[in-house]
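The values are calculated or read from the model by the stated rules, or taken from the named source; none is laboratory data. Quick caveat: nothing in here was measured; it's all calculated off a predicted structure. Positions of Cβ are generated from backbone atoms using ideal geometry, with glycine treated the same way; all protein chains shown enter the neighbour counts. In case anyone asks, the SASA skips ligands and DNA or RNA and just uses the protein heavy atoms, side chains included. Shrake-Rupley method; radii C 1.70, N 1.55, O 1.52, S 1.80 Å.
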Amino acid sequence: MELGIGLPNHIAGVSGATLIDWARRAEQRGFESVTAIDRMLYPGVDPLITLAAAAGATKGLTLVTNVLLAPLYPVVPLAKQLASVDQMCGGRLVVGLGVGNRPDDYASTGSDFGRRGRILDEQVERMRRLWAGDPVADGGALCPAPASIPLLFGGRSPATVRRVIAVGNGWAAGAVRHYDAQSELAEQIRTGWQAAGRPGRPYLQASVNFGLGPADAVAAGREHLARYYGFSPEYAQVNVDDMVCSAEDARQTVRRYRELGFDRLLFHPTGAAVEQLDLLADAIL
């Protein structure tokens with residue numbers, strides 16, 4: 001199982017220099033991948049801009065969106081941006097896509113919250129055509145070269161399972177460690193994949209929030225999660241309670257997901273200090 005770490009683009013007020021330092025340090029310490037979270041109405045840094053910066057700062061890391069809320073964006077520029085990041089990093093991009101659950105994000109961009117699932121389905125079909133070289137309305141090619149970008153779908157709904165099986169490369173499980181439920185859904189995806197006659201097997205990716213070190217760093221991490229998910233106090237508390245907060249907890253999480261047959265585990269930081277990256281690397285690498 002591959003181990004990756006989140007870049008702290010979702011931490012309010014994080015600097016660009018900090019994100020670049022994290023990407024370089026992640027590669028130096030031996031993580032397989034770095035990832036970026038998407039959220040519109042929060043004072044963080046855009047995930048695609050974050051990953052573009054990481055592309056220039058690293059040589060071999062896989063770059064992952066976990067997950068990009070695609071229906072917030074017009075499909076043609078989104079397809080071009082993703083293809084551009086993939087070109088910049090030499091084909092190291094993996095795109096996790098989801099629909100999110102915050103109506104205010106959709107209102108802020110004029111997107112239709114009620115149709116977000118159908119919009120995503122339409123976007124995936126259109127992006128795949130554009131990446132394959134189909135022309136846009138004026139006859140010009142959108143991408144500099146055909147791009148083949150792996151797509152993972154995040155969520156737990158029947159629609160997510162359908163997308164993974166029908167058009168995806170795999171599943172991006174959520175950041176709360178409901179192991180039994182995640183194992184059950186993973187098996188449902190594997191079974192559906194085989195029944196659909198698809199070759200190989202679905203890629204399974206999970207993630208978890210972490211905050212390590214002294215008590216004040218752990219407390220600050222929990223405070224971040226309470227703020228970040230403050231739109232839903234009940235869900236915020238679930239994330240606060242589930243946060244990985246010790247080296248042994250991190251190692252046990254790796255063991256559990258490896259036993260469940262997952263292919264990649266991503267650790268999302270709850271603070272921007274690069275010492276968090278080193279503490280995690282010391283624990284699990």
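Just read off the accessible area of I20 with the full protein assembly in place, 1.4 Å probe, to the nearest 10 Å².
50 Å²
Report the local net charge at R128: Lys and Arg +1, Asp and Glu -1, summed over other residues whose C-beta lies under 14 Å from its C-beta.
Charge balance near R128 sits at -1.
³J(HN,Hα) across region 271-278 via Karplus (A = 6.51, B = -1.76, C = 1.60, θ = phi - 60°), whole Hz, x for Gly/Pro?
Those phi angles translate into x, 9, 5, 5, 4, 4, 4, 5 Hz.
Apply the Karplus curve 6.51 cos²θ - 1.76 cosθ + 1.60, θ = phi - 60°, to the phi angles in region 61-68 and return the couplings in whole Hz, x for Gly and Pro.
Each residue of region 61-68 in turn: 5, 6, 10, 10, 8, 9, 10, 7 Hz.
Residues with amide H under 5 Å of T35's amide H, sequence separation 5 or more or different chain, H placed in the peptide plane at 1.01 Å from N; which?
Amide H neighbours of T35: I5, G6, L7, V64.
Calculate what fraction, in whole %, of the accessible area of region 131-285 sits on carbon and sulfur atoms when a 1.4 Å probe is rolled over the protein chains.
Result for region 131-285: 54 percent of the exposed heavy-atom area is carbon or sulfur.
Quick one: accessible surface of F153, probe radius 1.4 Å, all protein chains present, in square angstrom to the nearest 10.
Solvent-accessible area, nearest 10 Å²: 0 Å².
Tell me, what HN-Hα J-couplings in whole Hz come from the Karplus equation 6.51 cos²θ - 1.76 cosθ + 1.60 at θ = phi - 60° for each residue of region 32-43, using x for Gly and Pro?
Each residue's phi maps through the Karplus curve to give 7, 8, 10, 9, 9, 8, 10, 7, 7, 8, 7, x Hz.
Just to be sure I understand: with springs between alpha-carbon atoms less than 10 Å apart, which residue in S183, S232, S246 has the highest mean-square fluctuation in the Gaussian network model of the chain?
Judging by the Gaussian network model, the answer is S232.
Sorted from largest down, what three extents in whole angstroms do the Cα atoms of region 110-269 have along their principal axes?
That gives 59, 38, 31 Å along the principal axes, largest extent first.
Quick one: Cα centre-to-centre distance for region 30-95 and region 129-168, in angstrom?
15 Å
Taking H placed 1.01 Å from N in the peptide plane, check which residues at least 5 places from L68 or on another chain put their amide H under 5 Å from its amide H.
Here the answer is G96, L97, G98, since their amide H atoms fall under 5 Å of that of L68.
Leaving out ligands, DNA and RNA but keeping every protein chain, what accessible area does D46 have, in Å² rounded to the nearest 10, with a 1.4 Å probe?
Probe radius 1.4 Å; accessible area of D46 about 60 Å².
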